[in-house]
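S.K.: Please see the structure below; I have some questions.
Every number here is computed from the coordinates shown, using simple stated rules; none is lab data. Please read these numbers as outputs of a predicted model, since none were measured by experiment. Cβ atoms come from the backbone with ideal geometry, glycine included; neighbour counts cover every protein chain shown.
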Amino acid sequence: MQSFLKYRQFKMKAMKLKLVTMAGLLAVLSACMSTSPQIGPDASAWSDYLSWYKVTPEAVTGDPTGVLGAVHDGRNAFRQIYVNSVGAAVNRGTQGYPYPAGTILLKESFSDAQALAARRNPDLTIMIKLATGQSPATGDWEYVMGADGSRRGTGDSGQAAFCRNCHLYAAATDYNFINSRFFANNR
């Protein structure tokens with residue numbers, strides 16, 4: 001009977017540990033998925049992005065920066081990057097960093113060459129440059145996932161932290177990895 005009670009206590013402790021671990025994991029996941037209130041413009045601001053300056057003359061795949069990993073549809077996706085007229089001069093290298101407030105950088109990610117050719121279901125990720133001081137934790141960028149603009153991140157929200165933690169590697173170029181000069185030098 002004594003060994004049965006010890007076994008039962010052990011199982012109860014193991015179950016409590018599992019529950020605490022699961023609760024912690026859920027807390028971390030919900031923090032990573034947390035978004036913040038919209039600061040930048042709504043989705044209509046990028047509805048005409050195909051008319052913007054195209055940073056990548058042709059779609060790129062792979063990981064030219066070395067930090068992509070599995071994000072932005074991974075290394076096998078085909079990506080194209082666009083910048084609105086507000087930030088085009090900085091992206092082209094004819095104006096210095098930082099990007100001016102109102103700059104919008106948009107990345108299309110296609111799962112494969114066929115989706116790219118058909119322009120079928122691109123994943124859109126957007127960076128919006130905010131006024132100085134609106135989101136110091138993100139270099140004053142608002143990160144947006146999805147064409148509808150509903151998943152946004154600024155400050156210390158989970159969405160912002162997820163994006164910022166990679167984009168910090170490009171702090172010298174105002175958190176932007178691929179500009180026209182980089183693309184021309186790394187083809």
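S.K.: For W141, list long-range residues whose amide hydrogen, built 1.01 Å from N in the peptide plane, is under 5 Å from its own amide hydrogen.
M.R.: L130
S.K.: What length, rounded to one decimal in nm, is gained on full extension from A172 through to D156, with 0.36 nm per residue of separation minus their alpha-carbon distance?
M.R.: Separation in residues times 0.36 nm, less the Cα-Cα distance, equals 3.7 nm.
S.K.: If you average the sequence gap of Cα pairs under 8 Å that are 6 or more apart and divide by the length of the stretch 72-187, what percent do you get for the contact order?
M.R.: Relative contact order here is 20 percent.
S.K.: Kindly rank 43-54, 116-127 from highest to lowest mean number of other beta carbons found within 10 Å of each residue.
M.R.: Packing order, densest peptide first, comes out as 116-127, 43-54.
S.K.: Same structure again: Could you put L130, L106 in order, starting from the residue whose Cβ has the fewest other Cβ atoms within 10 Å?
M.R.: Ascending Cβ contact count within 10 Å gives the list L130, L106.
S.K.: In whole Hz and in residue order, list the ³J(HN,Hα) couplings for the stretch 45-59 that follow from phi through the Karplus curve 6.51 cos²θ - 1.76 cosθ + 1.60, θ = phi - 60°; x for Gly and Pro.
M.R.: Values per residue, Gly and Pro as x: 5, 10, 5, 10, 4, 5, 8, 7, 5, 8, 5, 9, x, 10, 4 Hz.
S.K.: While we're looking at this one, here's another question. Shape call for the stretch 43-185 from the C-alpha gyration tensor, a ≥ b ≥ c root eigenvalues: rounded (a/c under 1.5), prolate (a/b greater than b/c) or oblate? List each step's numbers first, then the result.
M.R.: Values: a/c = 1.39, a/b = 1.26, b/c = 1.10.
Rounded.
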